[in-house]
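One structure is given here, and the rest of the page talks about it.
What follows draws every value from the coordinates through simple rules; no lab data is involved. The structure presented is a predicted model; accordingly, all values stated were derived computationally and were not measured. Methodologically, a virtual Cβ is constructed for each residue, glycine included, from the backbone with ideal geometry; neighbour enumeration extends over all protein chains shown.
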Amino acid sequence: MLTLALSKGRIFEETLPLLAAAGIVVTEDPEKTRKLILATNQPDVRVVLVRATDVPTYVQHGGADLGVAGKDVLIEHAAESDAAGLYQPLDLQIARCRMSVATRADFDYEAAVKQGSRIRVATKYTAVARQHFADKGVHVDLIKLYGSMELAPLTGLADAIVDLVSTGSTLKANKLVEVERIMDISSRLVVNQAALKLKRERIRALIAAFAGAIPANA
Ligand code: PRT
Ligand code: MG
């Protein structure tokens, strides 16, 4: 049996065409069932639905043989645990977005950086943010949040946020401006190292099929 960990939503949707290229069709719709284990057209392949941030944990500890996780999630996971036994063979170029710094329009980020002011930064991505500001030599007070980061500058909780941006409409709706792009983000295939040895042929074939179906000019 081959078990693939996916999160509902964009990662599930954007992984479907890659699975199709490997001849795998998920036969249940995650939006229409409460089941957490989904069957496929192949009796020896199943999909388990987990939270996006739990995908690396499932794969690392063998709860799944493979999974798909965002670079954002993988960086934060590696900062919290040693991520040993987690192999990342492929950037799938799906669920693309960018990690950026955003502030209220009336906050002069460049001036604050230049003056060496201490900046209060709210984010779910503390590892990325810590590294980014350390590289710039900017002193920050990091405030860990688990969601709705956009609210932090609006309520005075923070001067800036570090968050994922794709269309920019969430920032716009909250009157925030993107002041710095930190990195491009996409999702990667992650594989349990022990599974790679034990199920080598099956997993290699899957990796090859996925590699051949990665969205072009993405
Ligand atoms: O939603 P949930 O709390 O269950 O978990 P999650 O948010 O981690 O999962 P999900 O499915 O929303 O995201 C899974 C992965 O998709 C992330 O780990 C990213 O790698 C990737 N991804 C790509 C995104 C986005 N684009 C994205 N736009 N993840 C989140 N967003 C959010 C962003 O945080 C912000 O709130 O969408 C909002 C901004 O979008 P725009 O289009 O308004 O700019
Ligand atoms: Mg989400």
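At a threshold of 8 angstrom on Cα-Cα distance, excluding pairs fewer than six apart, so keeping six or more, what relative contact order does the chain reach in percent? Across the chain, relative contact order equals 28 percent.
Under the criterion of Cα pairs below 8 Å and six or more residues apart, the relative contact order for the range 35-89 equals 26 percent. Counting 0.36 nm for each residue step from Glu201 to Asp82 and taking away their Cα separation leaves a gain of 40.1 nm.
Inter-label distance, Asp29 to Asp141: 4.9 nm, where each label sits 7 Å from its Cα along the C-beta direction. This model, with +1 at the C-beta of Lys and Arg and -1 at the C-beta of Asp and Glu, gives the range 1-120 a dipole about its Cα centre of some 300 debye. What would the Debye equation give as log₁₀ I(q)/I(0) for the range 64-171 at q = 0.11 Å⁻¹, counting only Cα atoms as equal point scatterers? Here log10 of I(q) over I(0) equals -0.40. Here's how it looks for Arg96: its modeled amide H is under 5 Å from none belonging to a residue 5 or more places away or on a different chain. Only helices enter the 222 nm calculation for the chain: every DSSP H run of n ≥ 4 contributes -39,500 (n - 2.57), and dividing by all residues gives -9500 deg cm²/dmol, rounded to 500. The alpha carbon centroids of the range 75-132 and the range 151-182 are separated by 13 Å. Size of the range 83-124 from its Cα atoms: along the principal axes, largest to smallest, the extents are 42, 24, 18 Å.
For the chain, the average shadow cast by the Cα convex hull is 13.0 nm², which is a quarter of the hull's surface.
Mean sequence separation of contacting Cα pairs (under 8 Å, at least six apart), scaled by the length of the range 92-201, corresponds to a relative contact order of 44 percent. Simple spin-label estimate for Ala213 and Thr155 gives 4.2 nm between the two label positions (7 Å along the Cα-to-Cβ direction from each Cα). Cα gyration tensor of the range 1-67, axes a ≥ b ≥ c as square roots of the eigenvalues: rounded (a/c below 1.5), prolate (a/b > b/c) or oblate? Rounded is the answer for the range 1-67, as its axis ratio a/c remains below 1.5. DSSP bridge analysis restricted to the chain gives an antiparallel fraction near 65%, rounded to the nearest 5. Work out the P(r) tail for the range 128-205: percent of alpha carbon pairs separated by more than 19 Å, whole number. More than 19 Å apart: 54 percent of the Cα pairs in the range 128-205. A compact globular protein would have a Cα radius of gyration near 2.2 N^0.38 Å; the ratio found for the range 51-105 is 1.29. Just so you know, the Cα atoms of the range 1-114 work out to an Rg and Dmax of 17.4, 60 Å. A simple spin-label model places the labels of Arg181 and Lys114 2.3 nm from each other, with each point 7 Å out along Cα-to-Cβ.
By how many nm would the segment from Asp106 to Gln93 grow when fully extended, if each residue of separation counts as 0.36 nm and the alpha-carbon distance is taken off?
Contour length minus Cα-Cα distance gives 1.2 nm.
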